[in-house]
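Down below is the structure, laid out as structure tokens.
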Amino acid sequence: MISKLAQWYARAPLRVSLLAAALLTATGLGVGFVGDDCYHLMILKGGKTPASDGSLFTFISGDPVETRRFIQTGPFPWWTLPEAKAQFYRPLSVAMHKLDFALFGERAVFWHIHAMLWYLALVALWGLIAREVVSAPVAALATLIFAIDDVHWMPAVWLANRNALVACVPALFGLWAHIRWREDEWRPGLPLSVVGYVIGMFGGEAWLGMAAYVAAYEFAGRTDSVARRALSIAPAAICAVVYAIAYKLSDYGVYGSGAYTEPLSREYFLDAPNRMLSLLGGLLVSSPVDAWGFFPEWRWLLAAAGLAGVMLFGFLLRKFWPRLDTRDTFALRWLILGGVLSMFPVIAAFPMNRLLLGPSLGGSVVVAMILRAWWQGRGERKWRAVGIVCGIIAGIHLVLAPVAWPLQSAVVSFIGRWGEQAYRDAPIDDARVAQQHLVLLAANDPLTLMYPPILRFLDGRPLPASWHVLSASPHDHTFTRTGLRQFELKTTRGALMQGVFAEILRAKSFPYTEGDLVDLGFCRLTLLDVLEGSPTRMRVDCEKPLEDESLVFLVWQDFRLREFALPRTGETVTVRY
């Protein structure tokens, strides 16, 4: 049966890969707007956000005055660094969102169909490139592996991440045109490649991952003179240099974040090994890279999985090398180099599967070559032990990967809708909320941290006078009432601002000290206990009694936002995680 399927696939490999990609992407048509999608909608609908210039990808402006205003009113939490900055140059991606909003309003299914078209274009371009550089059987299998790779779910389905496709599709076209120019002496290839790079620049930073393959192709995929290769890589290199200079001079980028680092900074290089290994684990053996943000204590395991994956695939390539086609082994050198180089632009962000769009180009060829070599020698007795390992790899990339698409769509869709309903059902009085300060003692997830007021705006409901979260610690807390207007909040483990989603807004290189004050207007926070720069206990002094109707204290309990029952003075209660 497997042989018959292989024969059927061999007759029209690219069409089958595109069909598979379309079917898998279609599982996300019902996901709707999730997370940052809601923030983008708020901007498009004229809401008050840091994106005063209309750019959907300005999350923190870098203006301390403006940021302090959003700290006092929300949704930025109190630990946000006032000088923090997170703004990205993606005008083409912004234009695509504005086009969707103008044509389809808030009918998300059409936005998702638009994203599907971008993903199909990416798969088609990779199929054309693979056919140019490796043997037909490897190209066919690599294209299929790439098309169904579950690490592509976020760029293909999560609308806020569609910018990666908008950046990579034209830049990948540029790579294809460059290869045609160099391999076939196709003269239009040179100007068309530059056009692809330039359009990719306007999509977002992800285009640099495609430019990395151009560099790898010239360095390791060509045998002509060094001078000729240097001249050939010059157009892409000039585009990259001009882009980087303009990006910096225009004040785009990140500052003050512990989750996103400035490329080529000290923190960038310190974090690079662990981040890269973790991504390699997700690429090669499908380790759960996204756990990096939710479970910091697992990070060493994710890096170890990546190292094990590299060693395993290195062993298999060495084992099968004599069986590989000469054309394939030659292409593999530059494709592996390109995959590694394409990681350097993305490891400025904390590891997630969504960053593997560029590396998965070379990764798909590595997996395809190993599986084809194993399949060709499957009947030989000496390959049985290796065959078990290859069978597991085939199961991961050909069976589990496509299954993961509908599972991810279903889980994210369920969590998104369930969370939105929980926020809508919160005990908030719309008649009084505009004069009230809503204080959530602890947020158990990144959406609850900042998105309830955004959702209220999208629902057309009145916004609170302010929205504040006092802790992002995934542990129990103790709440001690110390006076009529005063209480203390302490986490039973770790820090109050814990995890990568708390670190996004303030890096550990900007530590707190005991006694630091944070003025939120209606109350003042005093940090009492600080461990290695991160507070574990605070005192909150409010202007009015805690029972005043202008104050609403909330907790996340029984999977819902509920009003917190204030204890009497002198009493301590435990707020369960």
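Values in this text are rule-based calculations from the coordinates and carry no lab data. This structure is a prediction, so every number in the text was calculated from the model and none was measured. Using ideal geometry, Cβ is built from the backbone for each residue, glycine included, and neighbour counts are taken over all protein chains shown.
Quick look at the values:
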read-out	value
Spherically averaged projected area in nm², based on the convex hull that wraps the Cα atoms of region 283-429	11.5 nm²
Shape box of region 97-219 [Cα atoms, principal axes, largest first, Å]	46, 31, 20
Counted charge near Leu125, where neighbours are those whose Cβ lies closer than 14 Å (Asp, Glu -1; Lys, Arg +1)	+1
Leu81, Leu56 arranged by Cβ crowding within 10 Å, fewest neighbours leading	Leu81, Leu56
The chain, relative contact order [Cα under 8 Å, separation at least 6], %	16 percent
28 Å Cα-Cα threshold exceeded, pairs from Lys48/Lys98; Lys45/Lys85; Lys248/Lys508; Lys48/Lys490; Lys490/Lys544; Lys45/Lys490	Lys48/Lys490; Lys45/Lys490
Ordering of 347-355, 310-318, 235-243 by burial proxy (mean other Cβ atoms within 10 Å per residue, highest first)	347-355, 235-243, 310-318
Normalised per residue, the volume of the convex hull around the Cα set of the chain (Å³)	153 Å³
Listed peptides 268-276, 282-290, 535-543 by packing density, highest first (mean Cβ within 10 Å)	282-290, 535-543, 268-276
Debye, to nearest 20: dipole size of the chain, +1 on Lys, Arg Cβ, -1 on Asp, Glu Cβ	1980 debye
Region 239-325, relative contact order in percent, only Cα pairs under 8 angstrom and at least six apart counted	22 percent
Charge dipole of the chain about the Cα centre (unit charges at C-beta), most positive-ward option of Gly460, Ala404, Ile113	Ala404
CD proxy at 222 nm, helix term only [per DSSP H run n ≥ 4: -39500 (n - 2.57); per residue of the chain; nearest 500]	-17000 deg cm²/dmol
C-alpha long axis of helix 384-394 to longest principal axis of the chain, angle in °	60 degrees
Cβ charges +1 (Lys, Arg) and -1 (Asp, Glu), total dipole of region 421-575, debye	80 debye
Ascending count of other beta-carbon atoms within 10 Å, so fewest first, for Asp558, Asp519	Asp558, Asp519
Cubic angstrom per residue, convex hull over Cα atoms of region 298-379	100 Å³
Cα Rg over Rh - region 421-575, Kirkwood	0.94
For region 126-134, Karplus couplings with θ = phi - 60° (6.51, -1.76, 1.60), whole Hz, Gly/Pro x	5, x, 5, 5, 4, 5, 6, 10, 10
Nitroxide proxy distance, nm - points 7 Å out along Cα→Cβ at Gln435 and Glu185	8.3 nm
Net charge dipole size for region 1-153 [Lys, Arg +1 and Asp, Glu -1 on Cβ; Debye, nearest 20]	320 debye
Percentage relative contact order, region 421-575, counting C-alpha pairs under 8 Å, at least six apart	28 percent
Dipole axis of the chain (+1 Lys, Arg; -1 Asp, Glu on Cβ), positive-most option in Gly391, Tyr577, Ser286	Gly391
